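One structure is given here, and the rest of the page talks about it.
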Amino acid sequence: SDHDLEYRMITKDGRELWIQDVVTVICGAKGPERLVGFMHNITDRKRAEEELRESEEKYRNILENIEDGYFEVDLAGNFTFFNPSLCRILGYPREEMPGMNNRVLMDAENAKKVFRAYNEVYVTGIPTKGFDWETIRKDGARTYIEVSVSLIARPGEKPTGFRGIARNVTERKRAEEQLRESLEQLRRAMQKTIQVLVMAVEMK
């Protein structure tokens, strides 16, 4: 039978090499007689694997610690990957999110808005940046999020889903609404003032 071994060697000049050793046991009439081995220098492959592992670890740490929510969904809108910040923004525990459809997070009006935005990204392949919509958290509270979305697709292959960044902009939306209300109050007050001034002039 064959035995596949991988081990590290240090050369005479101090260089580190990784070796893949495929050993075959040759059996005779009385049992194992000898070993035949094939050694391959796999140092470059090992280095590439280590660089990939370090890169994945680096980006995993970034995603785990950023304040913005990161997510990936399949073409039907089911969550396939997300970071802890997205769970905090949406108010759902991590264990409930895998496979959950994003339609759970919105009413019919917002669902249409989100579908149009995602469909445009799918058709054109062009990412969309900063479109906002109102989500429904698990506790029923309404939260505004600003989302940037792009396709997940390998060159020459059909898209498999979407990835995106979500940011809670509820406080900004509330501030904008308060500003609109204040401006409307100011506009009405100015109209009344002008009307009073006009009446005063006419009376003179």
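The values are calculated or read from the model by the stated rules, or taken from the named source; none is laboratory data. Quick caveat, the model's predicted, so the values are computed rather than measured. Note that each Cβ is placed from the backbone with ideal geometry, even for glycine, and that neighbours are counted across all protein chains shown. For the accessible areas, the whole protein counts, side chains as well, though only heavy atoms, and no ligand, DNA or RNA atoms are used. Shrake-Rupley method; radii C 1.70, N 1.55, O 1.52, S 1.80 Å.
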*asked:* Tell me the residue from 145, 126 that is of a type in the set (A, V, I, L, M) and closer than 18 Å to residue 101 by Cβ, please.
replied: 145
_First in the stretch 10-21 and open to solvent by less than 70 Å² (accessible area, probe 1.4 Å), second anywhere and of a type in the set (A, V, I, L, M, F, W, C) and assigned to a strand (DSSP E or B), Cβ under 7 Å, 6 or more apart_ = 11/17; 17/9; 19/9; 19/39; 21/5; 21/39
*Members of the stretch 64-94 that are surrounded by fewer than 17 Cβ atoms within 10 Å (Cβ to Cβ) and among the aliphatic types (A, V, I, L, M)*: 66, 75, 76
*Those residues that are of a type in the set (S, T, N, Q) and part of a strand (DSSP E or B), I need them from the stretch 119-148; list them, please.*
128, 135, 143, 148
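Here is a yes/no grid of residues against (1) touching a Ser or Thr at 6+ places or on another chain (Cβ under 7 Å); (2) among the charged types (D, E, K, R); (3) more than 18 Å from residue 63 (Cα to Cα):
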residue: 94; (1), (2), (3): no, yes, no
residue: 99; (1), (2), (3): no, no, yes
residue: 104; (1), (2), (3): no, no, yes
residue: 120; (1), (2), (3): yes, yes, yes
residue: 123; (1), (2), (3): no, no, yes
residue: 136; (1), (2), (3): no, no, yes
residue: 139; (1), (2), (3): no, yes, yes
*Of all strands (runs of 3 or more DSSP E) completely enclosed by the stretch 1-89, which ones contain at least 1 residues that are hydroxyl-bearing (Ser, Thr, Tyr) and at pLDDT 80 or above?*
69-74, 79-82
